[in-house]
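The values are calculated or read from the model by the stated rules, or taken from the named source; none is laboratory data. On a predicted model such as this, the values are computed, not experimentally measured, just so you know. So basically every Cβ, Gly included, is an ideal-geometry build from the backbone, and we count neighbours across all protein chains shown. Ligands, DNA and RNA are excluded from the accessible area calculation, which covers all protein heavy atoms including side chains. Shrake-Rupley method; radii C 1.70, N 1.55, O 1.52, S 1.80 Å.
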Amino acid sequence: MRWAPRPGAPWSRLAGSIHTPLPLRRGGEGEPQRPTASRGSAEPSVLLVDDNPANLVALEAILAPLQVRLAKASSGEQALRLLLSEDFAVILLDVQMVGMDGYETAALIKQRGRSRHVPIIFLTAYGNNEADVMAGYAHGAVDYLQKPFSPDVLRSKVAVFIELFRAQQQVRHQAELLRQQGGEARQAAHRAA
């Protein structure tokens, strides 16, 4: 069953306004460049959400060694649009943003079936108290990192979720192969009978 937004819900307003260009994958010599998206593919992507462009650049530099696609959003609304068209291994989400803050964005992400299980790591320069950390976990975070954080620690945490995503994709692919083989075996048995 395909997900459809409720009329009037934030997701429904965003569904009609997706204009996200797909990244180009370079082909071999003589092959054309083709757009690719990670929906349904095994190649993981990481969603970076921060309203400060300098923070997005810093996150890109920290995560570059992981050699995965990094999608950037400068607002909660933009992040929700990207989630309509792509699956992500993990989301790095700033808590304090203009407009829709990180908590509200996370709550909307967790309401949608397809994105409900995407891990969210909150990043914040504010809220060093236990109540803020607990609020992050209450809104669906798997981790809550205080800025400034160690680049190595963040990279390691993201790498774990990328490997989990790859493992889940492999299990889904193997399950699909088993379903296909089972169907072929049933058809062969039916023809033989």
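Among the residues of the stretch 128-180, those that are assigned to a helix (DSSP H, G or I), more than 16 Å from Leu93 (Cβ to Cβ) and among the small types (Gly, Ala, Ser) comprise Ala131, Ser156, Ala159, Ala167, Ala175. For the stretch 75-126, a residue qualifies if it is farther than 15 Å from His139 by Cβ and not in a loop (DSSP other than H, G, I, E, B), and the qualifying residues are Glu77, Gln78, Arg81, Leu82, Leu83, Leu84, Ser85, Val90. Among the residues of the stretch 52-77, the one identified as touching a helix residue (DSSP H, G or I) at 6+ places or on another chain (Cβ under 9 Å) and among the basic types (Lys, Arg) is Lys72.
Of the candidates Arg81, Arg112, the single residue that is surrounded by 14 or more Cβ atoms within 10 Å (Cβ to Cβ), modelled with pLDDT of 95 or more, basic (Lys, Arg) and within 20 Å of Val46 (Cβ to Cβ) is Arg81. Taking first residues from the stretch 48-69 that are surrounded by 14 or more Cβ atoms within 10 Å (Cβ to Cβ) and partners that are part of a helix (DSSP H, G or I) and among the basic types (Lys, Arg), the Cβ contacts under 8 Å between residues at least 6 apart in sequence or on separate chains come to Ile62/Arg155; Leu63/Arg155; Leu66/Arg155. Limited to the stretch 138-166, what total is found for residues that are open to solvent by 50 Å² or more (accessible area, probe 1.4 Å) and among the aliphatic types (A, V, I, L, M)? Matching residues across the stretch 138-166 total 5. Checked against the criterion of being charged (D, E, K, R) and over 30 Å from Ile62 (Cα atoms), the candidates Arg186, Arg155, Arg166 yield just one match: Arg186.
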